[in-house]
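The values are calculated or read from the model by the stated rules, or taken from the named source; none is laboratory data. Note that this is a predicted model, so its numbers are computed, not measured. With ideal geometry, Cβ positions are generated from the backbone for all residues, glycine too; neighbour counts draw on all protein chains shown.
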Amino acid sequence: MGIDKSELDERKVKILDAIIRNYLATGEPVGSRTISKYTDLNLSSATIRNEMADLEEMGYIVQPHTSAGRIPSDKGYRLYVDHLMEEKDREISEMKEFVIEKTEKMEKVLKQAAKLLAANTNYATLVSAPAYNQNKIKFIQLSAVNDSQLLAVIVLNSNMVKNQMIDISEPLDNETLLKLNILLNTSLNGLALDQINLGTIALMKEQAGIHSKIVSEVLDALVQTISETEDLQIYTSGATNILKYPELSDSESVSSLLSAFEEKEELQSLVTESLSGDENGTGIQVYIGNESPIQTMKDCSVVTATYDLGEGIKGTIGIVGPKRMDYEKVMDNLKTLKSQLDGIYKKSEDDS
């Protein structure tokens, strides 16, 4: 990237950052008075003016002829984007470490939870590992691969990363790429898919001008990325408990019911259904007979609960048994386990 960051102290970096953010938000050249309001630096206007003069001399900001304010130069934008990318990389690696460490602890807990639940209820049980249920856009980066292709890297807050090649009809210069990156990130960062409305898209395309096709392709890649869910990890126990109930063990579907617990693929649709049907993360859902999202469970009752670890990370606890199951006992068990899982995670967070 070829920028010597050592020539800028923290104060200058903060002032440059404030100038760029302000300019991105308003499109107006930025004066020293605005910066004194905008930062938490508590500096006098005179100090800020001196710092801005230094930044201008170093080539990070420029003064348009008709204005007293300053705007970022390409060099300033480049430093801003590099910092932003470093910050995002750091956030991503910290989040990955956090999720991995917690997941290893969780695996033991969830296996044990499924086992205890099966023992307590005498039914078949499943517990899904926590997964992100609110994919939001964390960062988008376009970079030139060659004269006819761009690489779009899309990072979601679940740290799912999608790379998408985009064909272009003519090479883009660095300034255009930078402007497209800034446009995409200022318009889309922090949004979930359902928050990107037609107005946002139209405005982005208008701002991208002749490059609106690139914006369209990035949006297509986004839709595809967010709709691709990763495989859910599901722990099960007590599947053979089903054989204790004559109306289930005599049914034709008992072997396919047992294999659903063995192979777990079908259980994924139950977990997905349970998570999407329980928007507020508090309710217990009961599927009786044909209401079940899984065909092989049409002779059973399925009761699910969502446990919620905050930050949009959720999982499902489920109990499968005969339609004459002891609903009250099942619900009590689910509520207890749900609050224990919420509690374990919160506690381990407090300890760390």
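Things to note:
- Residue in segment 175-183 that is acidic (Asp, Glu) and either assigned to a loop (DSSP other than H, G, I, E, B) or more than 19 Å from VAL81 (Cα to Cα) (or both) present: no
- Some residue of segment 24-36 being aliphatic (A, V, I, L, M), modelled with pLDDT of 90 or more, touching a helix residue (DSSP H, G or I) at 6+ places or on another chain (Cβ under 9 Å) and under 17 Å from LYS179 (Cβ atoms): no
- Residues located in segment 140-154, provided they are under 27 Å from SER73 (Cβ atoms) and among the β-branched types (Val, Ile, Thr): ILE140, VAL145, VAL153
- Residue-level analysis places ALA129 outside the set of residues that are at pLDDT 90 or above and small (Gly, Ala, Ser).
- The lone exception for TYR235 - which of (1) modelled with pLDDT of 85 or more; (2) closer than 30 Å to LEU184 by Cβ; (3) outside any helix (DSSP H, G or I) it fails: (2)
- In segment 26-47, residue farthest from ARG11 (Cα to Cα) [restricted to those that are among the β-branched types (Val, Ile, Thr) and within 37 Å of the chain's Cα centre (by Cα)]: THR26
- Some residue of segment 195-214 being outside any helix (DSSP H, G or I), exposed (fewer than 15 other Cβ atoms within 10 Å of the Cβ) and modelled with pLDDT under 90: yes
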